[in-house]
Amino acid sequence: MKIFEAFLAMILSIFPAFATGGAVSDRLEGTWTETRQYKDYPRAVLHFEGQNLRLEHVFDEDVTVEYKVTEQKDPDDFTITFEYWHKVKRGNGRIIDRKESRDYRYHVENGRPILSEMVFEYDGRGLIVFGEFLKKDDFTDGFESELRKKLNNREAVPTMMKME
């Protein structure tokens with residue numbers, strides 16, 4: 001029996017998506033609402049159903065995309081990504097194809113699941129949390145995770161040194 005258990009553990013480590021038994025889509029399933037209101041804009045809303053993600057108030061129009069799990073350290077900490085191509089009219093009137101891509105990190109703090117939109121800030125801080133989403137049933141206006149506080153409140157590293 002120990003040989004079988006060792007073999008199963010080896011197989012599951014090679015294919016981490018199988019290890020959670022579909023837990024990723026189960027954990028994301030449902031409606032997530034952005035925790036902060038920006039001016040008069042409606043809050044962004046994410047709807048997860050299976051491998052599809054419907055985005056409301058994120059782009060000019062509501063869209064549905066297929067997302068991918070890109071990291072899975074454990075069931076309580078993974079990253080999902082998606083790409084979306086759409087047409088954009090430039091200032092000179094030319095219409096171009098534009099690719100949007102987003103990374104959302106799923107993490108749990110004090111038993112509360114959180115989706116944090118991760119972006120790279122070029123002011124010297126590096127990776128920061130741009131926006132956060134909570135499940136509809138667990139929504140709190142203005143919520144800020146410990147991850148956001150830790151990453152966003154860092155001092156910016158100077159990009160240039162002064163020579164004296």
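The values are calculated or read from the model by the stated rules, or taken from the named source; none is laboratory data. Since this is a predicted model, take the numbers as computed values, not measurements. Cβ placement follows ideal geometry from the backbone for every residue including glycine, while neighbour counts extend to all protein chains displayed. The accessibility values were calculated without ligands, DNA or RNA, using every heavy atom of the protein model including side chains. Shrake-Rupley method; radii C 1.70, N 1.55, O 1.52, S 1.80 Å.
Descriptive notes on the structure:
- Candidate set: segment 65-90, residues that are open to solvent by 90 Å² or more (accessible area, probe 1.4 Å) and part of a strand (DSSP E or B); chosen: the one farthest from Gly131 (Cα to Cα): Lys89
- Test: residue in segment 18-28 that is modelled with pLDDT of 50 or more and exposed (fewer than 14 other Cβ atoms within 10 Å of the Cβ): yes
- Among (1) of a type in the set (A, V, I, L, M, F, W, C); (2) out of contact with any Asp or Glu (no Cβ under 8 Å at 6 or more places or on another chain); (3) closer than 26 Å to Asp74 by Cα; (4) part of a strand (DSSP E or B) - the single one Ile96 does not satisfy: (3)
- Just one of the numbered conditions (1) of a type outside the set (Val, Ile, Thr); (2) open to solvent by 50 Å² or more (accessible area, probe 1.4 Å); (3) more than 13 Å from the chain's Cα centre (by Cα) is not true of Glu56: (2).
- The test for being within 24 Å of Gly30 (Cβ to Cβ), aromatic (Phe, Trp, Tyr) and either surrounded by fewer than 17 Cβ atoms within 10 Å (Cβ to Cβ) or touching a Ser or Thr at 6+ places or on another chain (Cβ under 6 Å) (or both) holds for Phe143.
- Scanning segment 37-44 turns up no residue that is over 22 Å from Phe139 (Cβ atoms) and either open to solvent by less than 70 Å² (accessible area, probe 1.4 Å) or assigned to a strand (DSSP E or B) (or both).
- Enumeration of residues in segment 110-133 that are under 18 Å from Val24 (Cβ atoms) and in contact (Cβ under 8 Å) with a residue 24 or more places away in the chain: Arg112, Pro113, Ile114, Leu115, Ser116, Met118, Phe133
- Those residues of segment 50-98 which are of a type in the set (Phe, Trp, Tyr), within 30 Å of Asn110 (Cα to Cα) and in contact (Cβ under 8 Å) with a residue 40 or more places away in the chain, in sequence order: Phe78
- Condition check for Asn110: at pLDDT 95 or above, exposed (fewer than 13 other Cβ atoms within 10 Å of the Cβ) and not aliphatic (A, V, I, L, M): no
- Taken together, the residues in segment 45-64 that are assigned to a strand (DSSP E or B) and over 13 Å from Arg102 (Cβ atoms) amount to 8.
- Summed over segment 113-134, residues that are open to solvent by 50 Å² or more (accessible area, probe 1.4 Å) and in a strand (DSSP E or B) total 4.
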